[in-house]
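Below: one structure, written as structure tokens.
The values are calculated or read from the model by the stated rules, or taken from the named source; none is laboratory data. Keep in mind the model is a prediction, meaning the values are calculated, not measured. With ideal geometry, Cβ positions are generated from the backbone for all residues, glycine too; neighbour counts draw on all protein chains shown. These accessible areas exclude ligands, DNA and RNA; they are computed on the full protein's heavy atoms, side chains included. Shrake-Rupley method; radii C 1.70, N 1.55, O 1.52, S 1.80 Å.
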Amino acid sequence: MVYLTRREHFNAAHKLYNHSWSREKNEEVFGKCANENWHGHNYELLVTVKGNPDPDTGFLFDVKRLSNIIREHATEKLDHKNLNVDVEFMEGQMCSTENLAIAIWKQIEPHIPSPVKLHCIKLYETPRIYVEYFGE
Ligand code: NI
């Protein structure tokens, strides 16, 4: 089994705010991310697929094709957008990095053709904070 990763990038705005809570509680739980007038992140997205190399090419998967899948179904819908209001697949969810990684998995996974499988969505919100999602 070999693991192949493609790295992509997008910028997006969001805020973390639970409307059933008071402003004080939102500020206490979410800190700066509760800022009413939004803020942005430079997200780094690493998508890892797994499988065995094709005997004819030696490749696991065409990286250009992988990049196109990620762009078409994830980053083009996210880049320079407000995650809370512009992105259909984040509708009704808290726009945390955790939920965003799960949503990106759901966007990409159906487009990875068998026998190659999606292994991991790794999403950096800052250079020092990232989440990983393995589909469960
Ligand atoms: Ni934030």
Legend entry - Residue in the range 117-136 that is farthest from the ligand (Cβ to nearest atom), counting only those that are among the aliphatic types (A, V, I, L, M) and either within 10 Å of the chain's Cα centre (by Cα) or surrounded by fewer than 19 Cβ atoms within 10 Å (Cβ to Cβ) (or both): I121
Legend entry - Residue satisfying all of: in the range 15-47; part of a helix (DSSP H, G or I) and surrounded by fewer than 13 Cβ atoms within 10 Å (Cβ to Cβ); farthest from the ligand (Cβ to nearest atom) among these: E24
Inset, instruction - Check off (1) open to solvent by less than 60 Å² (accessible area, probe 1.4 Å); (2) modelled with pLDDT of 95 or more; (3) in a loop (DSSP other than H, G, I, E, B) for I69 and give me the number that stays unchecked. - result: (3)
Legend entry - Criterion violated by T97 - all others in (1) over 30 Å from S22 (Cα atoms); (2) touching an Asp or Glu at 6+ places or on another chain (Cβ under 8 Å) satisfied: (1)
Legend entry - Residue check for K50: more than 18 Å from I112 (Cα to Cα), basic (K, R) and either within 16 Å of the ligand (Cβ to nearest atom) or open to solvent by 50 Å² or more (accessible area, probe 1.4 Å) (or both): no
